[in-house]
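Derivation of every value follows stated rules applied to the coordinates shown; laboratory data play no part. All values reported here derive from a predicted model rather than from experimental measurement. Reconstructed Cβ throughout: ideal geometry from the backbone, glycine too, with neighbour counts over all protein chains shown.
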Amino acid sequence: MMITLLFIILSFFPNIMNDPENFSKANPLITPQHIKPEWYFLFAYGILRSIPNKLGGALALILSIAILFTTPFTHTSHVRSMMFRPFMQLTFWTFTTTFIIITWAATKPVEPPFTEIGQLSSILYFMFFMANPLLGLTENKISNLPALMAYPF
């Protein structure tokens, strides 16, 4: 039902989620300040803007999307669900909050408080993907600790 409703909205009203300012007449020689990507790429745009170097920002933008494909391959925990993994739950919700903050910061103008917020949240975004496999390995060692204490040899 919901997918059908989504397809109807996308088919008959494709511009319903677009920003109306993106359709205004602009100078072709400069990028206007109000131009921003669609809502589903705002997190990547926020990471792009957080790095002052153009090449570094473009690489970070590409990596921010490409790193999402590595997530299934970096799962190292023996437990599949996060229900019994409180550290992973905390890490996941921190990542979710970081994602929302990056998206929010990308909608704001390039001014000092928002650039620092974008830089810090971009660092946290990439730290999640480095901490995720290490956290799984640590949880595996902690879960095997009682067995090692009962039979030390």
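In a DSSP loop and with at most 16 other Cβ atoms within 10 Å, the chymotrypsin sites (Phe, Trp or Tyr not before Pro) in the stretch 25-107 are PHE84.
Averaging over all projection directions, find the projected area of the Cα convex hull of the chain and quote it in nm² with one decimal place.
About 13.9 nm², averaged over all directions.
Placing dummy labels 7 Å off each Cα toward the beta-carbon, the span from PHE84 to ILE123 is 3.6 nm.
Within the same chain, aspartates and glutamates fewer than 8 places from LYS108 are excluded, and of the rest, those with a Cα less than 20 Å from its Cα are ASP19, GLU21, GLU38, GLU116.
Comparing ILE65, ILE117, ILE102 in a Gaussian network model of the chain (Cα springs below 10 Å), the most mobile by mean-square fluctuation is ILE65. Cα extents for the stretch 16-89 along the principal axes, largest to smallest and rounded to whole angstrom: 56, 33, 18. Model label sites at ILE30 and HIS75, defined 7 Å from Cα along the beta-carbon direction, differ in position by 5.0 nm. Among LEU42, LEU134, LEU124, the largest mean-square fluctuation in a Gaussian network model of the chain, built with springs joining Cα atoms closer than 10 Å, belongs to LEU134.
Result for the chain in a Gaussian network model with C-alpha springs under 10 Å: among SER50, SER24, SER122, the largest mean-square fluctuation is at SER24.
Between THR4 and LEU63, full extension at 0.36 nm per residue minus the direct alpha carbon distance yields a gain of 17.9 nm. With helices as the sole contributors, the chain gives -20500 deg cm²/dmol at 222 nm; each DSSP H run of n ≥ 4 counts as -39500 (n - 2.57), and the sum is divided by every residue.
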